[in-house]
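Here is the structure we will look at.
The values are calculated or read from the model by the stated rules, or taken from the named source; none is laboratory data. Worth saying up front: this structure is predicted, and the values here are computed from it rather than measured. Heads up, the Cβs are rebuilt from the backbone with ideal geometry, glycines too, and the neighbour counts pull from every protein chain shown.
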Amino acid sequence: MAGTDHRQFDPEQPDGARTGGPAIILVDPQLGENIGMVARAMLNCGLTDLRLVRPRDGWPNERAVATASGADVVLEAAQLFDTTEESIHDLSLVFAASARDRDMIKQSHTPEQAAKAFLGEPNSGVLFGGEAWGLNNDDIALAEHVIYVPLNPGFSSLNLSQAVLLVAYEWHKTGWDAGSPELRMAGTRQANKKELIALFEHLEGALDASGFMHIREKRSIMVRNLRNMLGRAELTEKEVRILRGVVASLAAHKPDDKN
């Protein structure tokens, strides 16, 4: 997620990135920098169909390239249109991103709900308005549904790229099996039971020698609690070796008699 990550998108080797997905249509975008950040947000989630309606600062735009941080494939393929109607001519399902009630009768979807609708209709797109005023009523009237992001009602302001990222990410998640949490190893592996038991016995022996477990009738409970605690830690083989080194060091330490 770091801002210094400038990996390039290779269309031949897209690292498993999905293809297709909804078109992202920016109506009356103002700053080239914001278009570039939208392109970056899109490619983060595998989207490449960017359509621009009347960009204020013209197109192509060098400032868009600077803020796209390597998402050139999106900018180079971006289509330019004079009207919103032209930008959606080939789409069958269109959503409008709007935070305000325009007194129109339209189904309101969260980004997650909209993403599921995109799966059932490959020729889909999302309209986003310009930075200053958003979409006008005529643009919203062209869409079948509205996307509404349920945020803090006291402060729900989003910039353009944030709004696009929320929608794009939810679409990206529909093709991503999150599965179980992954424990990433760094040159090691999960400790096996033999290694864990050796750690337990090493620690228990050191605690016996130090007098920590001098109350015999409580020893079994303390041993059980220690083993449960260390077992929950899901230690790696490297971590087990480190802990055994710690135990050995403490056991060999001779405290100053004056202390």
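Quick look at the values:
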| read-out | value |
| --- | --- |
| Filter result for the condition that a residue is under 17 Å from ASP28 (Cα atoms) and loosely packed, with under 13 Cβ neighbours inside 10 Å, over GLY134, GLY125, GLY120, GLY58 | GLY58 |
| Output for segment 30-63, where each listed residue is within 23 Å of the chain's Cα centre (by Cα) and among the small types (Gly, Ala, Ser) | GLY36, ALA39, ALA41, GLY46 |
| Options SER98, SER92, SER157, SER161; residue that is within 29 Å of ASP57 (Cβ to Cβ), exposed (fewer than 14 other Cβ atoms within 10 Å of the Cβ) and modelled with pLDDT under 95 | SER157 |
| Matching helices (runs of 4 or more DSSP H) fully within segment 154-255 where at least 3 residues are closer than 30 Å to LEU31 by Cα | 160-173 |
| Sole residue being among the small types (Gly, Ala, Ser) and under 20 Å from the mean Cα position of the chain (by Cα), chosen from ALA114, ALA97 | ALA114 |
